[in-house]
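The values are calculated or read from the model by the stated rules, or taken from the named source; none is laboratory data. Just so you know, these numbers come straight off a predicted model, no measurement behind them. Don't worry about glycine lacking a Cβ; one is built from the backbone with ideal geometry, like all the others, and counts go over all protein chains shown. Surface areas here come from the heavy atoms of the whole protein model, side chains and all, with no ligands, DNA or RNA. Shrake-Rupley method; radii C 1.70, N 1.55, O 1.52, S 1.80 Å.
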Amino acid sequence: MANRVSDHERHSEYLQAMGIQVWHQREPNESKQPEGLPHVAPAQPVEAPAQAGDDDWQTLVDEVAACTRCELSTTRTQTVFGVGDRSADWLIIGEAPGADEDRQGEPFVGRAGKLLNAMLFAAGLRREQVYIANILKCRPPGNRDPKAQEVVHCEAYLRRQVALIQPKIILAVGRIAAQNLLKSDARIGALRGQRFEYADTGIPVVATYHPAYLLRSPLEKRKSWSDLQLAMRILSQAGGGLET
Ligand code: URA
């Protein structure tokens, strides 16, 4: 109990970490706390268990590293496979590597990545406790949007990655991730805040704003917090979450 971080504290941490002013209850009757905050226990270190699918995982890693299915293979520094706990409950999927990620070989290591870490922290998760990947494994030059053919080529890798990880929830960050995972051309504002499923897997998907967008549009951060809460609720209803 002594260790339990209250939902209010966690929310404040999130807003602070995201660089926006923490709310203070100025009027006793004014209740602007988002509804239905789930109780989430503090993050526990996750032991890395022996991975049942090591061979398949390594096969996939090697295939991706050697991939020449599209022209991005000619401009990338390296492929960016993903990072984190291979048996995580949470799979975070972004768009594609940017310049920093292309250089370092790891997703979400730039400014947007720092904000993503803060969002995860607010949900009681450390970066190492989730798995982070992208729709594309290679950087589109100039950070242009992924082309349809590039997505199609990379999709097979992502599907195999999802099958190996078997996450309990997928958080799609940003329009490109959401539209491609959900096979929709709706705007991110229309896709966020709802429960979808990934392809035929039954794995729940929640879409939210991309942290790079949140850096430009800080007022939307509150909506992304509510999306995270939705994802936490879905996970705890499915019997997952940090208590287990
Ligand atoms: N933006 C993304 O969508 N993915 C990354 O890995 C980095 C920035």
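Tabulated data
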{"read-out": "Of all residues in region 58-69 being hydrophobic (A, V, I, L, M, F, W, C) and in a helix (DSSP H, G or I), the one that is nearest to the ligand (Cβ to nearest atom)", "value": "VAL64"}
{"read-out": "All positions within region 70-100 that are within 15 Å of ARG144 (Cβ to Cβ), within 12 Å of the ligand (Cβ to nearest atom) and in a helix (DSSP H, G or I)", "value": "ALA99"}
{"read-out": "Failed item, numbered, when LEU230 is tested on (1) under 24 Å from VAL151 (Cβ atoms); (2) out of contact with any His (no Cβ under 9 Å at 6 or more places or on another chain)", "value": "(1)"}
{"read-out": "First in region 58-81 and more than 13 Å from GLN161 (Cα to Cα), second anywhere and surrounded by fewer than 14 Cβ atoms within 10 Å (Cβ to Cβ) and aliphatic (A, V, I, L, M), Cβ under 6 Å, 6 or more apart", "value": "THR79/ALA65"}
{"read-out": "Any hit, region 175-195, residues being free of Cβ contacts under 8 Å to residues at least 60 places away in the same chain, open to solvent by 50 Å² or more (accessible area, probe 1.4 Å), within 22 Å of LEU125 (Cα to Cα) and in a loop (DSSP other than H, G, I, E, B)", "value": "yes"}
{"read-out": "Pairs with Cβ under 6 Å, 6+ apart, first in region 219-237 and modelled with pLDDT of 95 or more, second outside any helix (DSSP H, G or I) and charged (D, E, K, R)", "value": "ASP227/ARG192; ILE234/ARG195; LEU235/LYS168"}
{"read-out": "First in region 93-104 and free of Cβ contacts under 8 Å to residues at least 24 places away in the same chain, second anywhere and hydrophobic (A, V, I, L, M, F, W, C) and near the ligand (Cβ under 9 Å from one of its atoms), Cβ under 7 Å, 6 or more apart", "value": "ASP100/VAL109"}
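Yes/no per residue for (1) in contact with a Pro (Cβ under 6 Å, 6 or more places away or on another chain); (2) under 12 Å from ILE92 (Cβ atoms); (3) within 14 Å of the ligand (Cβ to nearest atom):
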| position | (1), (2), (3) |
| --- | --- |
| GLY113 | no, yes, yes |
| MET119 | no, yes, yes |
| ASN143 | no, no, yes |
| GLN149 | no, no, no |
| VAL152 | no, no, no |
